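Notes follow the structure.
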Amino acid sequence: MGLLLWVLAVYDVEAARLDLTPFMHVTVFTRSFLLVALAVLVALRVARPALLVFGVVELLGAVWTRRALRGEAYF
């Protein structure tokens with residue numbers, strides 16, 4: 001699992017470095033969907049509720065990315 005996360009992180013870093021904004025727009029959707037998917041897993045009792053914390057963090061990151069892509073973010 002850690003290796004998979006590292007690979008995805010490399011994609012994100014390269015997309016930012018190369019200014020691949022279409023890729024970044026896609027990640028906003030996928031990162032937002034993660035919370036929904038984790039909530040379903042928790043509801044089905046396949047995952048522990050503590051996992052939702054990661055989903056919330058990803059959702060906040062997606063909102064931040066979306067705002068940055070729209071020129072609204074303040075760093």
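Here the chain is assigned +1 on the Cβ of each Lys and Arg and -1 on the Cβ of each Asp and Glu. Its dipole about the Cα centre then comes out at about 260 debye. Among 21, 65, sorting on how many other beta-carbon atoms sit within 10 Å of each Cβ, with the fewest leading, yields 21, 65. Assuming R0 = 30 Å, can you tell me the calculated FRET efficiency for the pair residue 42 and residue 16, based on Cβ-Cβ distance, to the nearest 0.05? With a Förster radius of 30 Å, E is 0.45.
Of the trypsin sites (Lys or Arg not before Pro) found in the chain, the ones in coil according to DSSP and having at most 11 other Cβ atoms within 10 Å of their Cβ are 45, 70. The share of C-alpha pairs in the chain whose separation exceeds 15 Å stands at 62 percent. Hydrophobic, long helices, defined as DSSP H runs whose alpha-carbon span along the helix axis is 30 Å or greater and whose mean Kyte-Doolittle value is at least -1.0, occur in the chain at 21-43.
FYI, it's all coordinate maths here, none of it is from the lab. This is a predicted model, so every value here is computed, not measured. Backbone-built Cβ (ideal geometry, glycine too); neighbour counts: all protein chains shown.
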